[in-house]
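Just below is one structure, and these are the notes that go with it.
The values are calculated or read from the model by the stated rules, or taken from the named source; none is laboratory data. All figures in this text were calculated on a predicted structure; none of them were measured in a lab. Here the Cβ is made from the backbone with ideal geometry for all residues, glycine too, and neighbour counts use every protein chain on show. Heads up: the accessible areas ignore ligands, DNA and RNA and are worked out on the full protein's heavy atoms, side chains in. Shrake-Rupley method; radii C 1.70, N 1.55, O 1.52, S 1.80 Å.
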Amino acid sequence: MEVLMRTRRVEHTDRTQFFDDTVNGLQSVPKHLDSKYFYDAEGDKLFQQIMDCDEYYLTNCEMEIFTQQTETLANVVMDGSAFDLIELGAGDATKSSHLLRELLRQQAEFTYMPIDISSHIISHLNATLPLSLPGLKIKGLNGEYFHMLSKAAKISNRRKVVLFMGANIGNMPPASALHFCQEMRKHLSPGDMVVIGFDLKKNPETVLAAYNDKSGITKRFNLNLLTRINRELGADFNLNCFKHYATYDPESGACKSYLISLKEQTVRIPDGPTISFDENEYISMEISQKYTLAQAADFATQSGFEPLLNFTDSKEWFIDAVWVA
Ligand code: AVI
């Protein structure tokens, strides 16, 4: 069976947006690229390999929560009334299908509404999940998260439970992440819930290793975006002239990755500018922000939610926080 992996794949129709974002980012000081573009077909495969590698603990931690605490999680989200279970960036729904199975077992009255920017992922989920989870009511929504949340509210007026998992919130700088939570709150009504994954601050070496794995998969994952820019925009990045560099600041909780130019060089983008790099100049590629429990709870209150409880893995490295609107 075809494996659908990442959630934020940008579809082919977005080439103009990709071009504009890339050119703007590379003309900025300092230079940056948008990590949402990591996920082409090769990026999806590399991310799958990251999730399977020893150092990348996040997936196992959240999977442990969804497999070991499924019944309690199901009871919390069921809350005694019918609801729509909306998943932002559903991907292949690997983790959430454990919750779906338990909700079906408990005969919960719900419809699963996965939202994804990829129409391919949504058609796949619509077609396959009811086969693996008999009795599942599913209504996949293809589009931007907040547009589709508005659409979901028009389709049904039942209570909403929104899943936003995988520490995807960490890929936004904290101010943008807070804004995202505030925007999400505006799309929900009192009594609605969110279940949101946060990767927690921990031993700095553990965090850094997850983004600087020994086998170099994360390095290939970062460099793959240059390959994508070459392929889709016709640029001439020489991948051998850039080095992957990851840092973790335990004080701020920001884990950041960069590509460092190994020499003075120029890169041409057809129909766009020629980009000059100094030796050691960097491109900022991604942030993976880590939080304390208190910071995650503050996010809830500052965006108009009440933090209800946290589901934590046995190492206490990751939480799925449950917030009520
Ligand atoms: C998707 N996201 C939560 C991953 C993370 O941990 O920030 C993406 C990633 N980048 C490098 N490794 C994993």
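Key figures for this structure:
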quantity: Per-region count, region 76-88, residues closer than 14 Å to VAL195 by Cα and open to solvent by 50 Å² or more (accessible area, probe 1.4 Å); calculated: 1
quantity: Single residue of region 272-293 satisfying the filter (in a strand (DSSP E or B) and within 19 Å of the chain's Cα centre (by Cα)) that is nearest to the ligand (Cβ to nearest atom); calculated: SER288
quantity: Residue satisfying condition, being within 24 Å of THR206 (Cβ to Cβ), open to solvent by 30 Å² or more (accessible area, probe 1.4 Å) and not hydroxyl-bearing (Ser, Thr, Tyr), within set LYS263, LYS243; calculated: LYS243
quantity: Given (1) more than 24 Å from MET148 (Cα to Cα); (2) at pLDDT 95 or above, index of the condition GLY43 fails; calculated: (2)
quantity: Filter result for LEU73 (closer than 16 Å to GLY197 by Cβ, crowded, with 20+ Cβ neighbours inside 10 Å, within 22 Å of the chain's Cα centre (by Cα) and at pLDDT 95 or above); calculated: yes
quantity: Criterion violated by THR247 - all others in (1) among the polar types (S, T, N, Q); (2) under 22 Å from ASP21 (Cβ atoms); (3) touching a strand residue (DSSP E or B) at 6+ places or on another chain (Cβ under 6 Å) satisfied; calculated: (2)
quantity: Filtered residue count, region 129-171, keeping only those that are more than 24 Å from MET78 (Cα to Cα) and open to solvent by 40 Å² or more (accessible area, probe 1.4 Å); calculated: 3
quantity: Close pairs from region 252-264: first at positive phi and of a type in the set (A, V, I, L, M, F, W, C), partner open to solvent by less than 10 Å² (accessible area, probe 1.4 Å) and in a strand (DSSP E or B), Cβ under 6 Å, at least 6 apart; calculated: none
quantity: Candidate set: region 47-59, residues that are in contact (Cβ under 8 Å) with a residue 24 or more places away in the chain and open to solvent by 50 Å² or more (accessible area, probe 1.4 Å); chosen: the one nearest to the chain's Cα centre (by Cα); calculated: GLN48
quantity: Within region 89-124, tally of residues that are buried (at least 20 other Cβ atoms within 10 Å of the Cβ), touching a residue at least 60 places away in the same chain (Cβ under 8 Å), in a helix (DSSP H, G or I) and in contact with a strand residue (DSSP E or B) (Cβ under 6 Å, 6 or more places away or on another chain); calculated: 1
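This table checks each residue for (1) within 23 Å of CYS255 (Cβ to Cβ); (2) touching a residue at least 40 places away in the same chain (Cβ under 8 Å); (3) out of contact with any helix residue (DSSP H, G or I) (no Cβ under 7 Å at 6 or more places or on another chain).
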| residue | (1), (2), (3) |
| --- | --- |
| ALA152 | no, yes, yes |
| ARG159 | no, yes, yes |
| HIS179 | yes, no, yes |
| VAL207 | yes, yes, yes |
| THR218 | yes, yes, no |
| ASN222 | yes, yes, yes |
